[in-house]
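To start, the structure itself, in structure tokens.
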Amino acid sequence: MFYYADEFNLTWLPTLIAMWSPKGQQVMIPTPGQTKKHYGIGAVNYHSGETVVLVRRRKRRKEIAELLEALLEKHPNDTIYVTWDNANTHQDDEVEAVVRGAAGRLILLYLPTYSPWLNPIEMLWRYFRREVTHCELFKNIKALISATYDFFDQCNHQPEKVLSAIGALPS
């Protein structure tokens, strides 16, 4: 199994994009008075399009280790390769403990520093924003988290869309 992994910010503030509106009228997007932030921590299988995404209040080493454990649970008999950036949360005792506990079934590969264009999961995050958060204010943070999980559940039922989004479909 070959996964690309990374994190993304999940804020209650809607992400804004350029929009069409009638001439002389400006589109108004409501925003909450105060932002609340969570983090998506996820991985995408480059060959199958399968996703594993966790939403947490923080993106510390503990939460990163949870993602690796989720991948190991999903594939109990397979060797799993995870490619991600050199963030300090990806290199720690908690992460190392998961790798040691996997007894050779989990191999971590690191991309060069400051090179998000090398990680296809960044395109999945862009697709997620376009489909879920652009110019959308959710009733509350729980509704946003629910919409996030719904989106990635849908993705797992339509892996061809994920493969297309991350550029993994053959031409």
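The values are calculated or read from the model by the stated rules, or taken from the named source; none is laboratory data. All values reported here derive from a predicted model rather than from experimental measurement. Cβ sites come from the backbone with ideal geometry, for glycine too, and all protein chains shown count toward neighbours. Areas reflect the complete protein model, heavy atoms only, side chains present, ligands, DNA and RNA absent. Shrake-Rupley method; radii C 1.70, N 1.55, O 1.52, S 1.80 Å.
Can you tell me the length gained on complete extension of the stretch Lys62 to Val27, counting 0.36 nm per residue apart and subtracting the Cα distance? Numbers along the way, then the final one.
Details: separation 35, 0.36 × 35 = 12.60 nm, distance 4.11 nm.
Gain on stretching Lys62 to Val27: 8.5 nm.
Highest average first, the peptides 90-103, 57-70 ordered by how many other beta carbon atoms sit within 10 Å of their residues are 57-70, 90-103.
Averaging Cα coordinates gives a centre for region 82-103 and one for region 117-150; these two points are 25 Å apart. For the chain, the residue among Asn77, Tyr127, Val95 whose Cα projects farthest onto the positive side of the dipole built from Cβ charges is Tyr127.
Think of a 1.4 Å ball rolled over the protein heavy atoms: the chain then has 58 Å² of accessible area per residue.
Taking R0 as 45 Å, what's the FRET efficiency between Lys139 and Glu96 from their Cβ-Cβ distance, rounded to 0.05?
Numbers: r = 40 Å, r/R0 = 0.90.
Calculated value: 0.65.
Under 26 Å of direct C-alpha separation, and excluding same-chain neighbours fewer than eight residues apart, Lys139 reaches these lysines: Lys36, Lys37, Lys59. Straight distance only, please: which aspartates and glutamates reach the Cα of Lys74 with their own Cα at less than 16 Å, same-chain residues fewer than 8 apart left out? Excluding near neighbours in sequence, the set is Glu50, Glu66, Asp153. Shape of region 71-142 from the C-alpha gyration tensor: prolate (a/c of 1.5 or more and a/b above b/c, with a ≥ b ≥ c the square roots of its eigenvalues).
Could you work out the local net charge near Glu136, counting Lys and Arg as +1, Asp and Glu as -1, over the other residues with Cβ closer than 12 Å to its Cβ? List each step's numbers first, then the result.
Details: positive: Arg129, Arg130, Lys139; negative: Glu131.
Neighbour charge sum, excluding Glu136 itself: +2.
Along its three principal directions, the equivalent ellipsoid of the chain from the Cα gyration tensor extends over semi-axes of 31, 18, 14 Å, largest first. With contributions of -39500 (n - 2.57) from each DSSP H run of at least four residues, the per-residue ellipticity at 222 nm computed over the chain stands at -9500 deg cm²/dmol. Model label points for Lys161 and Lys36, set 7 angstrom from Cα along the Cα-to-Cβ axis, are 2.6 nm apart.
What net charge do the residues around Asp85 carry, taking every other residue with its C-beta under 11 Å from that of Asp85, with Lys and Arg at +1 and Asp and Glu at -1? Mind showing how you got there, number by number?
Details: positive: none; negative: Asp6, Glu7, Glu122.
Net of charged neighbours comes to -3.
For Lys142, the aspartates and glutamates whose Cα falls under 14 Å of its own Cα, not counting residues fewer than eight places away in the same chain, are Asp150. Counting 0.36 nm for each residue step from Ala147 to Lys74 and taking away their Cα separation leaves a gain of 24.0 nm.
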